[in-house]
1. Enter the angle in degrees (range 0 to 90, nearest 10) between the Cα long axis of helix B:156-180 and the first principal axis of the Cα atoms of chain B, meaning the one along which they spread out most.
2. Take every residue in peptide B:106-113, count the Cβ atoms of other chains within 10 Å of its Cβ, and give the average of those counts.
3. Give me the angle, in degrees from 0 to 90, between the Cα long axis of helix B:62-81 and the longest principal axis of the Cα atoms of chain B, rounded to the nearest 10.
4. Compute, for the protein assembly as shown, the length of the dipole vector about the Cα centre, with Cβ point charges of +1 (Lys, Arg) and -1 (Asp, Glu) only. Units Debye, rounded to 20.
5. Are any of the pairs A:Lys78/B:Lys82; B:Lys82/B:Lys160; A:Lys78/B:Lys48 more than 28 Å apart by Cα-Cα distance, and if so, which?
6. Could you compute Rg(Cα) / (2.2 N^0.38 Å) for segment A:21-93, with N its residue count?
7. Using alpha-carbon positions, what is the distance between the centroids of segment A:15-69 and segment B:33-48, in Å?
8. Net charge near B:Leu4, counting Lys/Arg +1 and Asp/Glu -1 over other residues with Cβ under 12 Å of its Cβ?
Amino acid sequence: MTECGTPPSGAERPGEPNLSCEEALARVYEYLDGELGAAEHDAVRRHLAKCRNCYPHFDFERLFLDYIHELGAGEKAKPELEDRVREMLAAETD
Amino acid sequence: MSILAERRRAEFEDEALIHLDALFGLALRLSGGDEPRAEDLVQETMLKAYRAWDRFEAGTNCRAWLMTILRNTFINQFRKQKSRPVPVEFDQVAERPASDALYEADPAGRIFDHIIDDQVISAIDELPEEFRVAVVLSDLEGLSYQEVAELMDIPVGTVKSRLFRARKRLQGRLYEYAVEMGYVK
């Protein structure tokens, strides 16, 4: 894990936690996957707004996830598979 | 064979067969690139869908309905296999710890524009099944952690850790490819 060294800063907004870089990076996937609760999501977002070290790392992980997501399409089933499915459906209809 | 049954079959074929490639693609990734297994999975899915065709609401998303049947069919098989010996997990195979080597070598992620997709697909296929299924459901199919957890019958925390480790493993493979291609040093 990359250490970017930003300590939790002072309480800019009383009652809202400020995350360290380590804490923010530990949540990178949950943040990008939209799996954090509103308060935690906001805490990460506020950290990214002011952390020059973490922001590129999050950007990189976003590119990576976007790339993986795009991989799903493009497979082609063999024509024989469609033939077999049609035969199976015909047999099932009899 | 009645005209009604024949019409029902024609209607099913019109609606469902156009999704065969998408179903096969999902089946192939879930089964780790095993084509015969993927084809069996698609056939079983089609048969179940055909038998349940009267319960499909016309006008709703047929592709999503078929993909759900395929996922559930795969997961039922997957859960049955769980009674087998514990699968080999990352801990048990010689592997470097999760690293950020790729990020450090290529922080702008330019590699994603240059890598050959087939290499990354192979890397996904080679993941241990418990990890591969989590990645396919989450990253290729876009399911939430909760949905993956329910399907795989594991806690949400386990989904998170599997995704983390699987994604880092994939990045490790991408890094190796990038080095092989001379893209990074």
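Coordinate-derived values only; no laboratory data. Just so we're clear, the structure is a prediction, and the values are computed from it rather than from any experiment. Every residue, glycine among them, receives a Cβ derived from its backbone with ideal geometry; neighbour counts consider all protein chains shown.
1. 60
2. Details: counts 2, 5, 4, 9, 1, 3, 7, 2.
Average per residue, whole number: 4.
3. 70
4. Details: 36 positive and 54 negative charges, 114 e Å.
Its charge dipole is roughly 540 debye.
5. Details: A:Lys78/B:Lys82 30 Å; B:Lys82/B:Lys160 20 Å; A:Lys78/B:Lys48 21 Å.
Listed pairs above 28 Å: A:Lys78/B:Lys82.
6. Numbers: Rg = 21.7 Å, N = 73, 2.2 N^0.38 = 11.2 Å.
For segment A:21-93, the normalised Cα radius of gyration comes out at 1.93.
7. So the two Cα centres are separated by 38 Å.
8. Details: positive: B:Arg7, B:Arg8, B:Arg9; negative: B:Glu6, B:Glu11, B:Asp54.
Neighbourhood net charge equals 0.
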